[in-house]
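These notes are about the structure you will find just below.
The values are calculated or read from the model by the stated rules, or taken from the named source; none is laboratory data. All values reported here derive from a predicted model rather than from experimental measurement. Cβ atoms come from the backbone with ideal geometry, glycine included; neighbour counts cover every protein chain shown. The accessibility values were calculated without ligands, DNA or RNA, using every heavy atom of the protein model including side chains. Shrake-Rupley method; radii C 1.70, N 1.55, O 1.52, S 1.80 Å.
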Amino acid sequence: MDINLPKGVRYILKELSTHGHEGYVVGGCIRDVLIGIAPKDYDVTTSATPEEVMSLFKKTVPTGLKHGTVEVHTHDGYYDVTTYRMDGEYEAHRYPKNVIFVDDLVEDLRRRDITINAIAYNPEKGIIDPFNGTEDIHHKIIRAVGNPILRFKEDALRILRAVRLSTTLNFNIEENTLKAMVETMDGLRFISEERIREELNNILLSKNPARGIRMLFDLGIMKYVLPELMTMSGFLQHNPHHDKDVLGHTLEVLTHVPADLPVRLAALFHDSGKPSTFTMDEKGIGHFYGHEKRSRDIAHEVLMRLKYDHKTIRKVETLVYFHMTSTDMKNEVKLKKFVTKLGSENLNGLIDLKIADFIGKPEGSDDKLFEINSFRNRIEHIINRGDPLTVRDLAVNGKDVLALGIREGQEVGRILEALLEKVLKNPDDNHKEILLEYARKEIYR
C-alpha cells in the first residue's frame, strides 16, 4: 500500500534511511489515512537518537528531548521526529518518570494507547501493524493496546481519548477496554483542567456530540469531567412541554445546534440549573422559574474552572441567560433594548440555540419555527438599518453634556440615558443640535 505523504515527511524518512536509521510515520495520521480522513499533522518515529536527528537536519528545535522529540523544519512545514522508546513507571496517572530509548519499532508501538494509533508506515516497508489496528479500523473498534487496565492506569487521559475517538469516528469501544475505563476512571482526578477541556471540546465539536456526552454519563465518567451536570441525568421535568429528562432534552438540543464551540457549550449548559430550581404546582406540573440565571451561573463556574478564555465564557453565559427570551416581541424599542443587552454578535447563536431548544420538545410546529426566524429578521432589520442602540451611538457624548454646565458625573449619565431613550423611539432625532436642546430641557426639568 502506498500512502501519499507530504514532501517534507518523505524527505525526513529518506534522510534517516540514507544515514542508516529506521524511520516511520506513526499514530493518528496513519489511522486517519486508513479511515479516509485527511490527517491534520504527521509524526515520525525513528531508531535515531535525538542528537543524531539534530545532526542530520539543518534546522531543528529540541521541543522535547526528555521524551526523545525533535521538531524538524523542512521546506513544506515542520514535523515532530521522536526516537523509539519505552516508558518507565508513570506518575500522577499521566506522565512516565523516565523513558528508555530503544531500537525496536514494535516496542515503541507497544507503549501506545489504542490499537488504531499503534500503526506505522514506511514507503519502502509498507504498513507495520503488530497489534491489528487495521483490523479494528475495519470493524470500527476502539481497543487498548495490550492490558487495558495498565494502559489507563498509566495515563488516565487515555480514558477521555477513547471516548473522544469513539465519538468522532463513530466507533464502538471493545468490551474489555470499556470495563477497564470504568475501573480506572478515578485517575481522572489527577488530570489537569486544560487537558480535560481540550478533550471535551473535541467531543462537542464532533458530528455527534450527544453520543460522547451520553457515554460520559452512562459510564459514570462525567462526575470527573463536569460533576456540576450530574443532576441532569434522570431528572424528570413533569411538564407537558418536555417528554425527556433534563439530560435527554439537553442532548437533543446539542444534536441540533451547529458545530460552533460557544453555541454547543451553551446547549450543554442551557438547562443545567433546572434541577436546583424545580417546583411543582398543585396540578402536578413542574416549573423551573429562574433556571436560566442558575444555568448561567453554573456555566460560569465550570468554564472558569476549566480555564476557558474570557470571550468564550461571556458568549456562553449570554446565550444561556437569554435562551428563554420570548420571540413574539414586536415593539421596536423593546427589540432595540434587547439587542443592546444581548449584543448583535450573539444574535445568530441565540437563534440557533432557540431553534434547537424547540426541536428538542415534543410539540412540533412550523408556526413556532416561523416565529423564531421572524424574530431574527426583525432584529436584523434594525441592525442593518443602522439605528443607534447604545449611548456610544449618540451624536453627543459626555463632554458635550458637561459643556452645558453639568458637573456631576451621575447626572451626565442620567441625561445620556434619557437621550438614548429618545433616539430609540425616534432614530431621526440623533443629531447633535436636537439632542443638546433636549438635554437642556432635561437639565432644567
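The table below gives the values:
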{"quantity": "Within region 79-197, helices (runs of 4 or more DSSP H) holding 3 or more residues that are at pLDDT 95 or above and polar (S, T, N, Q)", "calculated": "157-169, 175-184"}
{"quantity": "Counted residues, region 162-187 - those being within 22 Å of the chain's Cα centre (by Cα) and surrounded by 18 or more Cβ atoms within 10 Å (Cβ to Cβ)", "calculated": "10"}
{"quantity": "Enumeration of residues in region 282-302 that are over 21 Å from residue 326 (Cβ atoms) and not in a helix (DSSP H, G or I)", "calculated": "282, 283, 284"}
{"quantity": "Residues of region 48-72 satisfying the condition of being hydrophobic (A, V, I, L, M, F, W, C) and touching a strand residue (DSSP E or B) at 6+ places or on another chain (Cβ under 7 Å)", "calculated": "48, 53, 54, 57, 61, 70, 72"}
{"quantity": "Residue pairs meeting the criteria (Cβ under 9 Å; at least 6 apart or on separate chains; first farther than 20 Å from residue 333 by Cα, in region 387-403; second aliphatic (A, V, I, L, M) and exposed (fewer than 15 other Cβ atoms within 10 Å of the Cβ))", "calculated": "401/443"}
{"quantity": "Hey, residue 80 touching a strand residue (DSSP E or B) at 6+ places or on another chain (Cβ under 7 Å), over 30 Å from residue 254 (Cα atoms) and not β-branched (Val, Ile, Thr) or not", "calculated": "yes"}
{"quantity": "Single residue of 327, 312 found to be closer than 22 Å to residue 250 by Cβ, among the hydroxyl-bearing types (Ser, Thr, Tyr), open to solvent by less than 60 Å² (accessible area, probe 1.4 Å) and not in a loop (DSSP other than H, G, I, E, B)", "calculated": "312"}
{"quantity": "Selection status of residue 152, among the aromatic types (Phe, Trp, Tyr) and under 26 Å from the mean Cα position of the chain (by Cα)", "calculated": "yes"}
{"quantity": "Residues being of a type in the set (Val, Ile, Thr) and farther than 21 Å from residue 256 by Cβ - total across region 203-226", "calculated": "2"}
{"quantity": "All positions within region 330-346 that are in a helix (DSSP H, G or I), open to solvent by 10 Å² or more (accessible area, probe 1.4 Å) and over 23 Å from residue 272 (Cβ atoms)", "calculated": "332, 333, 334, 337, 338, 340, 344, 345"}
{"quantity": "Search result, residues across region 46-83 that are under 32 Å from the mean Cα position of the chain (by Cα) and surrounded by fewer than 16 Cβ atoms within 10 Å (Cβ to Cβ)", "calculated": "61, 62, 63, 64, 65, 66, 73, 76, 77, 78"}
